[in-house]
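A quick write-up on the structure given underneath.
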Amino acid sequence: EGRAQKLDNGLTEVMMPGSPVYVKSLGEKYVAMSDSQATLASYKAANADQWTQAQGTVATDYLSKGDLIVMFNPKTLATMLNDNMARIRTTMKVELDKQQEEDPALVAFRPMIEFYYDLFLNASQTLLNDTTGMTMGLTITDAGISNGMSIQFAKDSNLHAIFADAPQAMGDFQLLPQLPWISIARFQGKHLDQQLILSLAKQLIPPKEIVPEAGQEAVALFASILDNYMLYDYPYEQMKVSNAAGLTQMVTAIDSGDQSKAVFEKIRSIIKPTVELFNSLMANVPQEGMGKFAMSYKENAQDIKGALATDYMSFSATGEMGMALQQTFGAPSVDIRFSYNDSGVVSVVGEELMLNQALAAVAEKPVIEQTKTMTDAMRPNLPANRFMESYLSLPKYIQQIQAAMLKQPQGMQIGMMIGMLQLPAELEPIATTASNIDGGMRMDSFVPSQTITAVAEKAMMLFQMFNGMQQGPGGAAQQEPQPNQVY
């Protein structure tokens, strides 16, 4: 009160710190705001119903429940990009000319670089031209805070076709062993137009005539990977855990059923030449300063009970990268085992015991009860039609970071500070999801209220503690008297 006044032109002037803001009523539900009185006075309201319809079915939750909604005009963004495309391409050419002068070896790769640059710009134009609506939404309830963004694609576009069909409802996690996880996630992509995705991906393969000899092996490998593309036909689940020593371990399981052998062989046909190419490239790269990197792959490396085959891959490093691997995995290398049985395919970063547990889980498909309890409680706050969902246990994640910090001398103090942030183990996890319906897709996150409260309480406790450390014996912050200062 007292800070707003009606103007003769029908606008309302609201006095804000520094400068006024002008507000114009657009009917019962909407207002327009601007820092320019002239601009707002001449503004003609858009058809709000047309705007909301353009956002698509995928944005219904935002528009009906959101406490804060931001809608973008993709056509304006597309026009801005199109108007500046010539300048962008000229800038690219000038920059490539400059780099070519500094490194003449770039000449052989320039046609391929220009190919990918054009591909990126054309894809950006297509994306904006094919988008009818973009919405960001924030919703605050007693249960927690949800936020996300949706994109609706035009009906005649490839992206609309990819996301046209809604996914099957997700049930319980049941491909993974019963372990206390740091994070757990799953994906199902069978409802997506796989052939269209593959045809679009193949546009990334450059024409042979512009590929220099040094890049032909890599391009051939990429083409081979796309030829073996089939993994998204099957749902998969993944969990990240930390063992007693605080080392990271991971399990991934693919529910491929009677096609497990074929899926396993396709994975093998992709990874084996990738390892060979990596080592070939590394052999020609000076590695004195950055350390040495190497990969190895061995077929049928182990005879594991319950497995029809087990392959072994290792990535090792020296220098700073090796130290980072040592802190995370307990050795200057990452060792991955790939196995399959009649029910599915699994990969494990961790001990052999975990591989046995993973093979048993993908065969028996047990419901992880603790995970079920958590996800059942959270699902009412998550969007429907999810094809991806992941959950992060904040208490266990903090414990893992603390364990990593305490292993290095320079991180001891940070590790001890993180230890003060320990949260109750039973806190509900933070959820991240991807969903689609009717040619639109959205990405969302949800943070439960109890998690927000627990973090806020710990943050306040730390603030008070550090503030107290800066206080003098009498409780007031000690300050040196300054000239012309009143205390």
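The values are calculated or read from the model by the stated rules, or taken from the named source; none is laboratory data. Only a predicted model underlies this, so the values are computations on that prediction, with no experimental measurement involved. Cβ atoms come from the backbone with ideal geometry, glycine included; neighbour counts cover every protein chain shown.
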Given the residues Thr90, Thr126, which is the only one that is exposed (fewer than 14 other Cβ atoms within 10 Å of the Cβ) and farther than 30 Å from Gln400 by Cβ?
Thr90
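To keep it simple, each residue is scored yes or no on (1) among the hydrophobic types (A, V, I, L, M, F, W, C); (2) in contact with a Ser or Thr (Cβ under 6 Å, 6 or more places away or on another chain).
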| position | (1), (2) |
| --- | --- |
| Ile270 | yes, no |
| Phe293 | yes, no |
| Tyr297 | no, no |
| Ala307 | yes, yes |
| Met323 | yes, no |
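Looking at Phe120, is it aromatic (Phe, Trp, Tyr) and free of Cβ contacts under 8 Å to residues at least 24 places away in the same chain?
On the way: aromatic (Phe, Trp, Tyr): yes; free of Cβ contacts under 8 Å to residues at least 24 places away in the same chain: yes.
Considered against the rule, which asks whether it is aromatic (Phe, Trp, Tyr) and free of Cβ contacts under 8 Å to residues at least 24 places away in the same chain, Phe120 comes out as yes.
Residue under question is Ala201, and the condition is that it be surrounded by fewer than 14 Cβ atoms within 10 Å (Cβ to Cβ), more than 28 Å from Val346 (Cα to Cα) and either in contact with a Leu (Cβ under 9 Å, 6 or more places away or on another chain) or of a type outside the set (S, T, N, Q) (or both); does it hold? Talk me through it step by step, then tell me what you get.
On the way: surrounded by fewer than 14 Cβ atoms within 10 Å (Cβ to Cβ): yes; more than 28 Å from Val346 (Cα to Cα): no; either in contact with a Leu (Cβ under 9 Å, 6 or more places away or on another chain) or of a type outside the set (S, T, N, Q) (or both): yes.
It is false that Ala201 is surrounded by fewer than 14 Cβ atoms within 10 Å (Cβ to Cβ), more than 28 Å from Val346 (Cα to Cα) and either in contact with a Leu (Cβ under 9 Å, 6 or more places away or on another chain) or of a type outside the set (S, T, N, Q) (or both).
Please report, ordered by residue number, the strands (runs of 3 or more DSSP E) entirely within segment 45-153 with at least 1 residues that are at positive phi and under 22 Å from the mean Cα position of the chain (by Cα). Break it down into steps so the answer makes sense when it comes.
Working: elements: 68-72, 131-140, 144-153.
Fully inside segment 45-153 and qualifying: 144-153.
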Looking only at segment 355-377, and only at residues there that are under 26 Å from the mean Cα position of the chain (by Cα) and crowded, with 17+ Cβ neighbours inside 10 Å, the one that is farthest from Pro235 (Cα to Cα)
Met374
Which condition breaks for Asp258 when tested against (1) in contact with a strand residue (DSSP E or B) (Cβ under 6 Å, 6 or more places away or on another chain); (2) modelled with pLDDT of 90 or more; (3) outside any strand (DSSP E or B)?
(1)
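Determine if segment 278-294 includes at least one residue that is of a type outside the set (Lys, Arg) and in a strand (DSSP E or B). Can you show your working first?
First, the residues of segment 278-294 that are of a type outside the set (Lys, Arg): 278-291, 293-294.
With the extra rule that they be in a strand (DSSP E or B), the set shrinks to 293-294.
Yes; the residues of segment 278-294 include at least one that is of a type outside the set (Lys, Arg) and in a strand (DSSP E or B).
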One residue is enough: does segment 384-391 have a residue meeting the conditions of a type in the set (D, E, K, R), modelled with pLDDT of 90 or more and over 18 Å from Ala185 (Cβ atoms)?
no
Within segment 376-411, count every residue that is under 30 Å from Ala59 (Cβ atoms), assigned to a helix (DSSP H, G or I) and touching a Leu at 6+ places or on another chain (Cβ under 9 Å).
1
For segment 403-418, does any single residue satisfy the condition of being of a type in the set (D, E, K, R), modelled with pLDDT of 75 or more, farther than 30 Å from Asp193 by Cβ and not assigned by TED's automatic domain parsing to the domain that holds Val241?
no
Checking Val345 against (1) within 22 Å of the chain's Cα centre (by Cα); (2) at pLDDT 90 or above: exactly one of these is not met. Which one?
(1)
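Determine, yes or no, whether Phe338 is surrounded by 14 or more Cβ atoms within 10 Å (Cβ to Cβ), farther than 30 Å from Ala361 by Cβ and either touching a residue at least 24 places away in the same chain (Cβ under 8 Å) or among the hydroxyl-bearing types (Ser, Thr, Tyr) (or both). Break it down into steps so the answer makes sense when it comes.
Numbers: surrounded by 14 or more Cβ atoms within 10 Å (Cβ to Cβ): yes; farther than 30 Å from Ala361 by Cβ: no; either touching a residue at least 24 places away in the same chain (Cβ under 8 Å) or among the hydroxyl-bearing types (Ser, Thr, Tyr) (or both): yes.
Answer is no for this residue.
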Single residue of Asp376, Asp311 found to be of a type in the set (D, E, K, R) and in contact with a helix residue (DSSP H, G or I) (Cβ under 8 Å, 6 or more places away or on another chain):
Asp311
Residue that is modelled with the lowest pLDDT [pool: residues in segment 1-35 that are closer than 30 Å to Ser150 by Cα, within 38 Å of the chain's Cα centre (by Cα) and not in a strand (DSSP E or B)]:
Lys29
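Being surrounded by fewer than 18 Cβ atoms within 10 Å (Cβ to Cβ) and part of a loop (DSSP other than H, G, I, E, B) is the filter here, so list the residues in segment 412-426 that pass it. Break it down stepwise before answering.
In the first step, residues of segment 412-426 are kept if they are surrounded by fewer than 18 Cβ atoms within 10 Å (Cβ to Cβ); the result is 412-417, 419-420, 422, 424-426.
The answer is Met420, Gln422, Pro424, Ala425, Glu426.
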All but one of (1) outside any strand (DSSP E or B); (2) under 30 Å from Gly440 (Cα atoms) hold for Ala301, so report the exception by its number.
(2)
Selection within segment 65-87 - surrounded by 12 or more Cβ atoms within 10 Å (Cβ to Cβ) and under 19 Å from Ala123 (Cβ atoms)
Phe72, Pro74, Lys75, Leu77, Ala78, Thr79, Leu81, Asn82, Met85
